[in-house]
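Undergrad: Provided herewith is a single structure, encoded as structure tokens, for subsequent inquiry.
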Amino acid sequence: MEKREFLYEGKAKKLFRTSEAGLYLVEYKDDATAFDGRKKGTIVGKGVVNNQVSAHLFQLLERYGVPNHFVELIGDREMLVRGTRVLALEVVVRNIAAGSLSKRLGLEEGLVLPEPVVETYYKNDELHDPLINYDHIRVLGLATPDEVETMRSMALRVNEILRGYLFDRGIDLVDFKLEFGLSEGEGRLLLVDEISPDTCRLWDRATGEKLDKDRFRHDLGGVEEAYAEIMRRLIG
């Protein structure tokens, strides 16, 4: 398998074609953005952490029957994934009030919710990824009703698995974002993108210390150390 032509560069990753049909190479970058790209910077080693942590968690989820695009690690910053048509939706699961949920609903940050809250956002940079409901999804043709229901059930299953796994490692899973795609050829719904300190709010259970991208967003310092601590606790 050979790495071939460059296809796409996003805020956090690059995508390359490979010599094997249906398989692509994802390269994780150290670039960091926040607030719709208004804040930009570099988190040294972030690409390594996010690649390794995402691979670890994708493999964990696969063992529990959650299908995803991960195939194998290729290097510190690169993984091999299955080709998919990514849906223009982001599914967010919230266990503890923080971020936009606290602002929208006036909830105190840190309030443990009585049950997980699932939200869906339209992945559109020009519109700043607005919160949408199932009717919007249907009218815009972003996904079928069956796909929406499957994404919701998969997101809650991911939450159940990861929440317990992270709890045992002294981490509270506050909230997280998931993306989904339809596999090339089969059209099978798969979990895609990444699961990392970039896409999850992760707090130390004992101290409440933030161990995620919020340290970059809000200039809290110790960003690299927080990312490294997540990798240490999950992988060693």
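Undergrad: I'm trying to understand the selection: among the residues of the range 25-41, which are within 19 Å of Lys3 (Cβ to Cβ) and either among the aromatic types (Phe, Trp, Tyr) or part of a strand (DSSP E or B) (or both)?
TA: Leu25, Val26, Glu27, Tyr28
Undergrad: If you check Leu182, Leu156, which single one turns out to be over 18 Å from Val53 (Cβ atoms), in a strand (DSSP E or B) and under 17 Å from the mean Cα position of the chain (by Cα)?
TA: Leu182
Undergrad: Can you tell me which residue within the range 187-236, out of those that are in the same structural domain as Lys177 (by TED's automatic domain parsing), among the aliphatic types (A, V, I, L, M) and over 27 Å from Leu111 (Cβ atoms), is farthest from the chain's Cα centre (by Cα)?
TA: Applying the filter and picking the extreme gives Leu189.
Undergrad: While we're looking at this one, here's another question. Out of the range 18-67, which residues are more than 24 Å from Met154 (Cβ to Cβ), under 18 Å from the mean Cα position of the chain (by Cα) and among the charged types (D, E, K, R)?
TA: Once the filter is applied, which keeps residues that are more than 24 Å from Met154 (Cβ to Cβ), under 18 Å from the mean Cα position of the chain (by Cα) and among the charged types (D, E, K, R), the range 18-67 yields Glu27, Lys29, Asp30, Asp31, Asp36, Lys46.
Undergrad: Give the number of residues within the range 201-236 that are assigned to a strand (DSSP E or B), crowded, with 21+ Cβ neighbours inside 10 Å and of a type outside the set (Lys, Arg).
TA: So the answer is 2.
Undergrad: Take the range 18-44 and flag every residue that is of a type in the set (Lys, Arg), surrounded by fewer than 17 Cβ atoms within 10 Å (Cβ to Cβ) and in contact with a strand residue (DSSP E or B) (Cβ under 8 Å, 6 or more places away or on another chain).
TA: Within the range 18-44, Lys39, Lys40 meet the criteria.
Undergrad: Quick one: in the range 78-133, which of the residues that are of a type in the set (D, E, K, R) and outside any strand (DSSP E or B) is farthest from Leu189 (Cα to Cα)?
TA: Glu108
Undergrad: If I filter the range 138-173 down to residues being buried (at least 16 other Cβ atoms within 10 Å of the Cβ) and β-branched (Val, Ile, Thr), which single residue comes out as nearest to Ala88 (Cα to Cα)?
TA: Selected residue: Val148.
Undergrad: I'm told Ser102 meets every condition in (1) closer than 20 Å to Ser196 by Cβ; (2) without any contact (Cβ under 8 Å) to a residue 24 or more places away in the chain; (3) of a type in the set (Ser, Thr, Tyr) except one. Can you identify the failing condition by its number?
TA: Against the list (1) closer than 20 Å to Ser196 by Cβ; (2) without any contact (Cβ under 8 Å) to a residue 24 or more places away in the chain; (3) of a type in the set (Ser, Thr, Tyr), Ser102 comes up short only on (1).
The values are calculated or read from the model by the stated rules, or taken from the named source; none is laboratory data. Because the structure is predicted, anything quoted here is derived from the model rather than measured. Heads up, the Cβs are rebuilt from the backbone with ideal geometry, glycines too, and the neighbour counts pull from every protein chain shown.
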